[in-house]
Amino acid sequence: MTQRTLIPALIFTMASVMVTSSAIARDSIEVVGSSTVYPFSTVVAERYGRATGKPTPKIESTGSGGGMKLFCSGVGTNYPDITNSSRRMKASEFKKCQTNGVRDVIEVQIGYDGIVIANSVAAAPMKLSRKDIFLALAAQVPGAIEGELIDNPYSTWNQVNPALPNTAIEVLGPPPTSGTRDAFAELGLEGGCKGIAWIKAMKKTNKSAFKALCHTVREDGRYIEAGENDNLIVQKLEANPAALGVFGFSFLDQNADKVQGAQIESVEPTFESIADKSYPISRPLFFYVKKAHVDVVPGIQGYLNEFTSEKAWGEEGYLAEKGMIPLPSEERAAMAASTRGLVPMKGNEALK
Amino acid sequence: MTESVNNLDKIKQSLSRRNRAEKRFRWYGRLAIFIGLAAVMVLFTDIISKGHGAFRITYIELEVTYDQDRIGVENLTDPEQLANGNWEALSKAALRNEFNDVSGRRDKRKLYGLISSGAGFDLKDRLLANPLLLGETEKVWILADDDIDTYYKSWLDGESYAARMSAKQLQWIDELHAQGKIRLQFNSNLFTRGDSREPEQAGIRGAVMGSLLTLILTLLLSFPIGVSAAIYLEEFAPRNRWTDFIEVNINNLAAVPSIIFGLLGLAIFINFFHIPRSVPIVGGLVLTLMTLPTIIITSRAAIKSVPPSIREAALGMGASKYQVVLHHVLPLSLPGMLTGAIIGMAQALGESAPLLMIGMVAFIVDIPAGFSDPATVLPVQIFLWADSPERAFIEKTSAAIMVLLSFLIIMNTVAVWLRKRLERRW
């Protein structure tokens, strides 16, 4: 090719690449959102694709917040159809969806996920309460006098609670961007925080100070942010029996020969204890669907039917096999009916 | 006279000291190389020791009857019937047939857990490839579940991991092993299938195809643009403040962290031009931006190494500047440019950070066939597998790393070979 034709040819290639690609209609479902729900929605997508022979939905793990942002940006094939979330949609996100024209959103709760605090099987199992967790990991803890706050002075577990072993506090856990961290702060730390009477009273008088106190994790190196990769935390725990780690139940389930879950308020994290809610640190998992896309992108209804079928999310379904804790059967039946019937959120739900 | 003797003595005295210094210096060099090689060796042994297991996978031999009534399919050419067929019934019946004393819901579930959840679909593919099998019975090696695979491999190695196995399952595996009905086979799924959430069904074909499509586009765009920019800057552009400014910027771009290119791609290609997320087109465009500076810099170096006498001779023969460049400088510098391009491509092949922003970090099962199909790439596949809870993905991750490394080794070897083969010394 001579130079005379080379440059125009190049410009033409680039331009045509952009024009043709932006005009492509989508024939596969696009799912974004939580990395906690990702392992479950991917299984459903794969089974759906293999059983029907239709294109398999594409699933991106963007985190709950990132997924909501993409999901609520607008209606049309440039935007995702479904977002996964390891927490309920916030009121601010619902509002953003509404202003961007995403009017009818179907909310589907799929089950629960337990958050475990585990250590290496080489060490003795831990027996913690949520109060112990709060005192060991919060940035500020109550001092000697009521109402006084001091920087967290504890360096060993038996300083927190004399019944615990005399080992240094060293906890590996997810970074603030992670939904697991949010849930751990809300259910674990805040749960322990409320155990102290005057702080609980503060919740009514000064909510933001209460939240700042109860959700802030110490930053003096006792809590180590180990990244989003839970496998890495398991490996580090194996190498360091003195450390504890915070991660999702499915990783405990898969690595039972390496790590053991700590009892929280004398309840061991097991499939059954999370399902009957006696294990205190568990959270609901959701996904959200754009109703306007159901008739535009083929396969959404089929994907929803597959997800809400008993063989998927039932007590003996394949999602339970992957470590998801199913909803109680009555709630499950009701949720399946409203999902398959494409009943959108009304806007009067108690969103935070 | 005495003075020169003194000098000679001095030289003799210092000789051994200088020899020692030289020896020491050589040893420093050897030590540096040794440290580098040792690090590579540690990396390779770690990856290979973890990943070699993934190239073999557990199969269980069962007697399968392709019972028409059980599947619920009468006509094998009707796609509707095929989609609704109960294919799992085939593998389940085969298992019940093998262990006919199993009863009770719980035990049956454990029994069905011995083989891969995709086994039914594998049997479907087998039947469609050979429709005469309908109604017949044959012995088939069926893919085992990942938990069984992990257990069986660890058991063969003498360090059994049975935490996810029930006592019944252990007993069944023992029986199968005693009858020679369970064995390890070459894991061809690893190379022929796309991603899967079931480790035993997961393969890297989709990621390899995605990498290939992305790299083709990257090469098609970045090589001509990079080479044209280099030729203009080296041969035609005047030397002034503007060209200096451009040069500084190009060198700067080569050092910009790759994630920045991802953000740029997100802002321009996806948000402005509305190219869909996760497709090789947008990946190729972003990687083009990333490899352009590398290609421009290496191409300029290649053009610079062409001696001025060649240009002067051509000009002296009456060639125009355009002819000098196109007929003489470009052919002579092409080997260097190609080497630079291959190294740039190898860099692009190993890149995952910029693709994070443009949606190529996604779970994609279908193998991409074109530039506008959703795709992922090899390094991203490694990242996704490393993040999965299932134990069996650990060895898959290392196996994928081995494949990526072998691609990189091949590309870099070709670059070295090209340089040796084609480069001229003046």
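This table checks each residue for (1) charged (D, E, K, R); (2) farther than 23 Å from B:K153 by Cβ; (3) part of a helix (DSSP H, G or I); (4) in contact with a Phe, Trp or Tyr (Cβ under 7 Å, 6 or more places away or on another chain).
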site: B:L37; (1), (2), (3), (4): no, yes, yes, no
site: B:V42; (1), (2), (3), (4): no, yes, yes, no
site: B:H52; (1), (2), (3), (4): no, no, yes, no
site: B:I57; (1), (2), (3), (4): no, no, no, no
site: B:V64; (1), (2), (3), (4): no, yes, no, no
site: B:N75; (1), (2), (3), (4): no, yes, no, no
site: B:D125; (1), (2), (3), (4): yes, yes, yes, no
Considering every residue within region B:340-356, establish whether at least one is part of a loop (DSSP other than H, G, I, E, B), without any contact (Cβ under 8 Å) to a residue 40 or more places away in the chain and either open to solvent by 10 Å² or more (accessible area, probe 1.4 Å) or within 13 Å of chain A (Cβ to nearest Cβ) (or both). yes
Going by the structure shown, is B:A375 in a loop (DSSP other than H, G, I, E, B), among the aliphatic types (A, V, I, L, M), open to solvent by less than 50 Å² (accessible area, probe 1.4 Å) and closer than 16 Å to B:G203 by Cα? yes
Before we move on, is A:E306 open to solvent by 60 Å² or more (accessible area, probe 1.4 Å), among the acidic types (D, E) and within 14 Å of chain B (Cβ to nearest Cβ)? no
State all residues of region B:88-121 that are over 19 Å from A:E321 (Cβ atoms) and within 13 Å of chain A (Cβ to nearest Cβ); if no residue qualifies, say none. none
Cβ-Cβ under 7 Å pairs, at least 6 apart or on other chains, region B:156-182 side assigned by TED's automatic domain parsing to the domain that holds B:L114 and touching a residue at least 12 places away in the same chain (Cβ under 8 Å), far side open to solvent by 50 Å² or more (accessible area, probe 1.4 Å) and not in a loop (DSSP other than H, G, I, E, B): B:S166/B:K110; B:K168/B:K110; B:Q169/B:K110
Members of region B:78-92 found to be farther than 15 Å from B:L133 by Cβ and either part of a helix (DSSP H, G or I) or open to solvent by 70 Å² or more (accessible area, probe 1.4 Å) (or both), listed by number: B:P79, B:E80, B:Q81, B:A83, B:N84, B:N86, B:E88, B:A89, B:K92
In this structure, does B:P224 turn out to be touching a helix residue (DSSP H, G or I) at 6+ places or on another chain (Cβ under 7 Å), without any contact (Cβ under 8 Å) to a residue 24 or more places away in the chain and not polar (S, T, N, Q)? yes
If I filter region A:225-246 for residues that are touching a strand residue (DSSP E or B) at 6+ places or on another chain (Cβ under 6 Å), open to solvent by 50 Å² or more (accessible area, probe 1.4 Å) and assigned to a helix (DSSP H, G or I), do I get at least one hit? yes
Selection from region A:253-292 of residues that are under 24 Å from A:A123 (Cα atoms), open to solvent by 20 Å² or more (accessible area, probe 1.4 Å) and either within 14 Å of chain B (Cβ to nearest Cβ) or not in a strand (DSSP E or B) (or both): A:D253, A:A256, A:D257, A:K258, A:Q260, A:E265, A:S266, A:E268, A:T270, A:F271, A:P280
Any residue at all in region B:217-227 that is in contact with a Lys or Arg (Cβ under 8 Å, 6 or more places away or on another chain), assigned by TED's automatic domain parsing to the domain that holds B:V329 and within 25 Å of B:L326 (Cβ to Cβ)? no
Taking B:L31, is it over 20 Å from the mean Cα position of the chain (by Cα) and open to solvent by 90 Å² or more (accessible area, probe 1.4 Å)? yes
Looking at (1) over 19 Å from A:M126 (Cα atoms); (2) surrounded by fewer than 19 Cβ atoms within 10 Å (Cβ to Cβ), can you tell me which one A:C214 breaks? (2)
Of the residues in region B:277-320, how many are within 27 Å of B:N252 (Cα to Cα) and hydrophobic (A, V, I, L, M, F, W, C)? 15
Strands (runs of 3 or more DSSP E) wholly inside region A:1-102 containing at least 1 residues that are facing chain B (nearest Cβ under 9 Å) and either modelled with pLDDT of 90 or more or more than 30 Å from B:E200 (Cβ to Cβ) (or both): A:30-33, A:58-60
Considering each residue of region B:272-304, count those that are assigned to a helix (DSSP H, G or I), facing chain A (nearest Cβ under 10 Å) and of a type in the set (A, V, I, L, M), and give that number. 3
Subset of region B:258-271 that is open to solvent by 80 Å² or more (accessible area, probe 1.4 Å) and at pLDDT 90 or above - its residue that is nearest to the other protein chains (Cβ to nearest Cβ): B:L263
I need the full set of residues from region A:223-244 which are acidic (D, E), touching a residue at least 60 places away in the same chain (Cβ under 8 Å) and either closer than 14 Å to A:P174 by Cβ or more than 14 Å from every other protein chain (Cβ to nearest Cβ) (or both), in order please. A:E228
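The values are calculated or read from the model by the stated rules, or taken from the named source; none is laboratory data. What you see is a predicted model, and the numbers here were worked out from it, not measured in a lab. Counting neighbours? That spans all protein chains shown, and the Cβs are built from the backbone with ideal geometry, glycine included. Ligands, DNA and RNA are stripped out before the accessible areas are found, and what is left, the full protein with its side chains, is counted by its heavy atoms. Shrake-Rupley method; radii C 1.70, N 1.55, O 1.52, S 1.80 Å.
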